């Protein structure tokens, strides 16, 4: 069960905002900080950037303040008898979120549920709050293990958004200011696949879409998916998908279950 006592969304305070609660509260306090602020870390006030999350456990010291003209955050007081945190959760430690906008969006939905009279409020709390908790935990661990995580994630999203682009490892390594060997290693460590494989998968996924939804030729499909050589496209498509692009198009338009065909 998750019990929410109070919460606020986009709460704003002036330049004099200052919190110092030596014994905290008797419940959990979650903060999603949207402006620069100073938080006490290991006895020292440390600058934290927007997109930072802090989760205080019951009785833990709260000590933070604004550094500019305004301080804005989402905040939540709650208790739970569910193990949301796992082992070694970073209570009281500011964590830069890998995807702050996702957390803000989920928090907004959570806030609306809290303010509503929905018959499913309690279940929705159970569904929504763990997402934010898990994001904090994941961001903390990836920040410690892989400081390039955000850059790599952005790169991977670009690869799948633009399969037609020319993705070359030396260029990508230079963009991240790392060697090609380190780029290969850190990419695989982060996503459990290679960058080259992601490029191929993104192009073939787009090719399947074009073959299914358009009437453009196989040659045009190959070019639109970033292939300069049609024969190479056909060989790679057949190797990965189990059938040629032409047969894929024919089977799909005939209502054939392509996924079933491939696995036979």
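Since every read-out is calculated from the coordinates, none of them should be taken as a lab result. Quantities reported herein were computed from a predicted structural model and do not represent experimental measurements. Neighbour counts run over all protein chains shown; Cβ positions are idealised from the backbone, glycine included.
A few comments on the model shown:
- By the count of other C-beta atoms within 10 Å, a proxy for reagent exposure, 231, 220 are ordered fewest to most as 231, 220.
- Peptide packing for 79-90, 1-12 was compared via the average number of neighbouring C-beta atoms within 10 Å per residue; ordered from the highest value, the list is 1-12, 79-90.
- Sorted by Cβ neighbour density within 10 Å, fewest at the top, the residues 52, 217, 35: 217, 35, 52
- Ordering 115, 45 by the number of other Cβ atoms within 10 Å of each residue's own Cβ, fewest first, gives 115, 45.
- Length gained when the stretch residue 88-residue 119 is fully extended (0.36 nm per residue, less Cα-Cα span): 7.7 nm
- Three-way shape label, segment 90-231, alpha-carbon gyration tensor, a/c 1.5: oblate
- Here the relative contact order of the chain, from alpha carbon pairs under 8 Å that lie six or more residues apart, stands at 15 percent.
- Förster radius 35 Å - calculated FRET efficiency between residue 243 and residue 25, Cβ distance, rounded to 0.05: 0.05
- Each label point was placed 7 Å from the Cα along the Cα-to-Cβ direction; for residue 70 and residue 41 their separation is 2.5 nm.
- One entry in (1) 13.1; (2) 19.5; (3) 14.2 is mean projected area of the Cα convex hull in nm² calculated from the shown coordinates; its label is (2).
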